[in-house]
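Report on the structure given below.
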Amino acid sequence: MNKPIRTISIFCLLLFLALMVNATYLQYYKASSLDKDPRNRRVIVAAYSRERGAILVGRNPVAESVPSKDQYKFQRTYPAPLEYAPITGFFSYYSQTGIEQTENAVLSGDDPGLFVTKLVDLLSNNPTKGGSVQLTINAKAQDAAYQGLKALGPGVQGSVVALEPRTGKILAMVSLPTYDPNRLASHDLASVQAAYDRLNADPSEPLLNRAIQTTLPPGSTFKLVTAAAAIQSGNYTAADQVPGGPTYQLPLTSGPSGQISNEGRDCGTNRIPFTQAMGNSCNTSFAALANEVGAEALAKQAEAFGFNSHYLDDLRPQAVSQFPTQMDAAQTGQAGIGQYDVRSTPLQMAMVAAGIANAGTVMQPYVVDEVQSPNYDVINKVEPKELSQAVSATTASELTKLMVYTVDHGTADPAAIPGISVAGKTGTAQSGITSVPPYAWFVSFAPAEDPKVAVAVMIQKANIPRDEIAGGVYGGPIAKAVMEAVIQ
Amino acid sequence: MAQSGTLMGFVHRRRRGAELFLLVIALAVGIGGYAAVGIGVQGKVPADIVGYGGGLAALVIAAHVVVRLVAPYADPVLLPVVAALNGLGLAVIHRLDLAYQAEGGKHDYAQQQLIWMTLGVVLFVATLLLLRDHRVLQRFTYTSGLVAIGLLLLPMMPGIGTTINGARIWIHVGPFSFQPGEVAKVLLVVAFAGYLVLHRDALALAGRRVVFVDLPRGRDLGPILGMWLVSLGILVFQKDLGSSLLFFGLFLVMLYVATERPGWLLVGGVLFAGGAALGYELFGHVRTRFDIWLNPWQYYGKNGDLSFQPVEAMFGMGWGGLIGRGFGNGSPERVPYAESDFIIGAIGEELGLTAVIAVILLYGLIVERALRSALISRDGFGKLMATGLAGVFALQVFVVIGGVTRLIPLTGLTTPFLSYGGSSLVANWVIIALLLRISDQARRPVPDLSGDDDTSPDLEHTQVVKLS
């Protein structure tokens with residue numbers, strides 16, 4: 001019977017070999033694809049339990065992990081939750097948003113740049129720690145923007161974005177209404193789910209970062225782009241006369257419905273100075289200018305400032321600001337004053353101001369300044385990148401003159417800072433829906449001769465009587481406060 | 001080779017010292033594992049490490065002393081391997097207890113398992129003490145066959161049989177629950193060995209040759225068809241895929257070894273394929289298991305979440321990787337029944353591929369030592385029994401580990417010595433006792449006193465001093 005026993009031995013050997021080969025396949029070759037499976041909760045729990053890196057503004061964290069006594073070992077906390085939530089996003093058991101999402105690899109310690117520290121941790125049997133992310137945010141500017149917008153009262157929906165024109169650094173980014181990411185980072189998972197469901201169902205959309213995820217008609221602030229196209233065409237300087245008059249009949253239309261008026265502001269007759277047209281925000285002048293440069297040139301100018309494109313890598317998702325490309329003459333006239341289908345994010349309008357401030361060069365906006373190791377050694381410092389040359393330096397300086405006039409003698413005077421030359425433009429955009437109040441806009445930069453900061457303020461909805469809504473009155477002081485915070 | 005050695009006058013050494021040395025290493029695995037669980041999960045060596053380690057050591061040393069006394073020539077590797085597996089199993093079950101307790105449940109599987117291990121060692125010792133010669137068992141061929149069938153039918157009896165997780169393989173008497181199939185396994189090996197050693201010639205010699213393969217006669221197909229029907233019966237009435245496969249495979253292996261005719265393997269293979277196809281066509285639970293095996297992702301998180309258990313085990317083993325997460329750093333408790341059928345998943349997650357391979361090799365060693373005993377055994381009954389026990393072990397390990405690691409469709413079986421479960425642990429300790437007895441007989445020097453086996457009363461009286 002020994003021969004079959006030997007055969008059986010070989011058979012058993014094969015069985016055990018198959019088991020070992022299969023175990024190796026599963027635990028070695030297939031391990032990484034199993035770990036990457038989004039349904040693998042072990043990996044999620046491990047990431048959740050790790051000492052995650054901090055998100056820093058200046059020297060202070062706006063998101064950090066502190067030891068906790070429960071099974072997850074570390075609790076993510078947000079020291080200034082409401083003010084910074086649109087930037088940091090939240091880190092919950094189920095998902096992440098904002099910087100927590102885009103910089104997840106660094107914060108969790110899985111980034112290839114952190115390989116060496118991870119290896120040292122592994123060899124010394126320490127748990128992997130995440131790296132830190134330094135933001136470009138200027139804490140004082142952020143405070144000023146947040147407090148200013150909040151002061152408009154409860155129920156305000158709006159956003160403030162401030163940029164450093166020379167680099168594209170985002171100095172402030174505020175969006176209201178906001179939410180408390182601490183509640184979503186809680187280890188009480190049932191309450192996290194409930195809080196998330198509540199926020200998600202809230203009609204005022206607190207989870208939305210209005211600075212980059214809401215596009216609205218920019219109204220009169222868009223006149224800067226129209227003016228840029230007009231000056232860039234070579235036909236105008238700030239000292240020239242532009243078309244004026246109390247009404248403007250849009251081409252291809254007849255009767256009052258196709259007529260643009262100036263809502264009572266003085267825009268002369270026939271020809272008026274460019275400064276007056278900008279200072280009094282003359283709809284008639286800019287509708288006429290838009291048709292003079294034409295739909296194509298206007299679209300090209302808008303796109304040179306960043307319309308119709310993605311440019312923000314640090315936060316997701318970014319809503320693309322839109323400028324229509326197929327327009328007839330009537331639509332072009334409306335688009336020239338920021339109506340019709342023109343839609344812009346607050347960040348986009350801040351970039352228009354920043355581009356003019358930076359001698360016509362639009363810089364790519366960014367919010368992550370540095371990536372640091374767990375020991376705060378700088379691993380990667382972000383270099384400013386040029387996005388486009390929107391207008392020539394001459395055009396930019398002519399536009400600056402118009403904007404300074406608008407602050408000194410025109411509608412944008414609430415943003416004036418004594419002793420500093422400020423350039424600005426207001427906007428009040430019709431929502432196009434009778435029940436929805438108009439949107440108030442304000443863009444500015446200062447000091448005009450050596451710009452340190454460009455700001456865009458957008459107020460989508462506030463407890464203000466409908467007829468009082470104006471970009472200058474409400475947006476101006478906020479922009480002023482932010483500019484002062486940066487300059488002083 | 002070993003046999004020819006015996007023929008040429010080779011005498012096996014007792015090697016009890018080697019066994020003791022290996023047992024110390026095995027105890028280091030068990031007690032070290034227990035300490036590592038304490039350090040990994042609670043951050044300190046468990047307070048009862050001395051008591052626990054002492055208890056484990058006492059059990060293992062007691063088993064060793066009994067082997068030394070009543071089976072001095074027994075294989076020296078089997079007991080240490082089993083002690084290591086049992087100790088590792090206890091540590092992992094203790095780890096899972098702590099995880100379940102952290103979730104708020106109150107579990108003391110490890111304590112119960114220790115009690116079952118004690119009972120297992122007691123039965124191990126009793127088997128070695130009472131059964132001085134395995135050939136005695138040949139007398140109980142038909143008795144053990146009948147008892148095995150009876151045990152297999154027990155769960156079907158209303159009142160004591162219960163259905164757990166769809167399989168009706170448990171009986172409950174008072175506070176005790178038991179899987180009679182585990183005991184039936186041992187009895188069936190005895191019955192098959194006894195039957196086949198008597199009828200092997202008839203089964204082997206008659207038949208006709210078809211294309212190089214000797215096919216058996218139609219009238220000799222009776223026993224294999226009978227066993228096939230029993231296996232199908234287990235599949236149909238008890239919905240126990242694993243046991244069904246195990247019993248039929250066991251019978252097939254033993255039939256092949258007894259008759260030395262590969263033709264039986266062919267017949268058995270055809271019957272197995274037929275049975276499997278029939279099961280797939282007729283029974284929903286077989287089809288579901290097979291579909292889950294082919295497409296586990298379609299049943300994960302949807303379609304009833306039927307593949308949650310195997311997929312979580314795969315995630316866990318992948319997460320463990322080469323060296324594992326370490327005790328306390330994984331989440332083996334995510335896999336339902338991690339302490340029983342899926343314990344290899346828990347080992348793979350926290351101790352890594354290294355430990356999984358080590359465990360598979362330990363099982364391989366048990367099978368190898370058992371088959372070696374079969375080779376050198378001097379009687380047909382011993383050969384068949386050792387082969388049968390080795391086969392049952394190899395098949396069970398293959399079916400359960402292969403099922404958990406998705407090599408083959410999942411069929412519920414316990415992982416010998418590792419899994420939590422009294423019936424399985426006790427039955428496996430008895431299997432080891434039987435293997436030690438067979439190997440002791442096989443390795444024992446051929447008695448130089450002629451007539452040692454003679455039953456003449458006169459000689460028995462004159463034999464005053466018996467040399468061990």
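Distances between placed amide hydrogens fall under 5 Å for residue B:169 paired with B:164, all partners being 5 or more residues away or on another chain.
The lysines within cross-link reach of residue A:385, meaning a Cα-to-Cα straight distance under 23 Å and a gap of 8 or more places when in the same chain, are A:169, A:300, A:452. Only one residue of B:315, B:138, B:336 has its Cα farthest out toward the positive end of the dipole of chain B, where Lys and Arg carry +1 and Asp and Glu -1 on Cβ, and that residue is B:138. Counting beta carbons within 10 Å around each of B:408, A:337, A:5 and listing the fewest first gives the order B:408, A:5, A:337.
When both the stretch B:281-349 and the stretch A:214-288 are represented by their alpha-carbon centers, they are found 69 Å apart. Among the residues of B:407-415, the average count of other protein chain beta-carbon atoms within 10 Å of the residue beta-carbon is 1. By its C-alpha gyration tensor, with a ≥ b ≥ c as the square roots of the eigenvalues, how is chain B shaped: rounded for a/c under 1.5, else prolate for a/b larger than b/c, else oblate? Verdict is oblate for chain B.
Pull out a ≥ b ≥ c, the square roots of the eigenvalues of the alpha-carbon gyration tensor of the stretch B:183-311, then state rounded if a/c is under 1.5, prolate if not and a/b is larger than b/c, and oblate in the remaining case. Since a/c reaches 1.5 and a/b is larger than b/c, the shape of the stretch B:183-311 is classed as prolate. Membrane-span-like helices in chain B, defined here as complete DSSP H runs extending at least 24 Å along the helix axis by their C-alpha atoms with mean Kyte-Doolittle hydropathy no lower than 1.6, are B:16-37, B:49-70, B:241-259, B:352-376, B:380-404; this is a sequence and geometry rule, not a statement about a membrane. Taking a straight Cα-Cα cut-off under 19 Å and skipping sequence neighbours fewer than 8 places away in the same chain, the aspartates and glutamates within cross-link reach of residue A:381 are A:100, A:103, A:110, A:111, A:164, A:313, A:314, A:369, A:370. What the phi angles of the stretch A:79-88 give under the Karplus curve with 6.51, -1.76 and 1.60, with θ = phi - 60°, is a coupling list of x, 10, x, 5, 5, 9, 3, x, 8, 5 Hz, glycine and proline written as x. The HN-Hα couplings worked out from phi for the stretch A:232-249 by the Karplus form 6.51 cos²θ - 1.76 cosθ + 1.60 (θ = phi - 60°) are 4, 5, x, 8, 9, 10, 4, 8, 7, 8, 10, x, x, x, x, 9, 9, 7 Hz, whole numbers, x standing for Gly and Pro. Each of A:226, B:78, A:200 was placed along the dipole of the protein assembly as shown (beta-carbon charges, centred on the mean Cα), and the one lying farthest toward the positive end is B:78. Taking square-rooted eigenvalues a ≥ b ≥ c of the alpha carbon gyration tensor, is the protein assembly as shown rounded, prolate or oblate, where a/c under 1.5 means rounded and, failing that, a/b exceeding b/c means prolate? Because a/c hits 1.5 or more and a/b exceeds b/c, the protein assembly as shown counts as prolate. Applied to the stretch A:170-177, the Karplus parametrisation 6.51 cos²θ - 1.76 cosθ + 1.60 on θ = phi - 60° returns per-residue 3J(HN,Hα) values of 7, 8, 8, 8, 10, 9, 10, x Hz, with x for Gly and Pro. Taking amide H as placed 1.01 Å from N in the peptide plane, the amide H of residue A:51 sits under 5 Å from that of A:130, each at least 5 places away or on another chain. In summary, the lysines within cross-link reach of residue A:425, defined as a Cα separation below 16 angstrom excluding same-chain residues under 8 places away, comprise A:223, A:401, A:480.
With neighbours defined as other Cβ atoms within 10 Å of a residue's Cβ, the residues A:441, B:170 order from fewest to most as B:170, A:441.
Which percent of the Cα-Cα distances in the stretch A:127-217 go past 15 Å? Here the long-distance tail beyond 15 Å is 69 percent of all Cα pairs in the stretch A:127-217.
Distances between placed amide hydrogens fall under 5 Å for residue B:412 paired with B:241, B:242, all partners being 5 or more residues away or on another chain. Size descriptor for chain A, Kirkwood hydrodynamic radius: 24.5 Å (Cα pairs only, one decimal).
In terms of surrounding Cβ atoms within a 10 Å radius of their Cβ, B:141, B:118 rank from fewest to most as B:118, B:141. Shielding by partners for peptide B:243-256, expressed as the average number of C-beta atoms from other protein chains within 10 Å of each residue's C-beta, is 1. Pairs of Cα atoms in the stretch B:1-132 fall into 5 Å distance bins, from 0 up to the last occupied one, in shares of 2, 10, 17, 19, 16, 12, 9, 6, 4, 3, 1, 1, 0 percent.
FYI, it's all coordinate maths here, none of it is from the lab. All figures in this text were calculated on a predicted structure; none of them were measured in a lab. For neighbour counting, all protein chains shown are included, and Cβ atoms are generated from backbone atoms with ideal geometry for every residue, glycine included.
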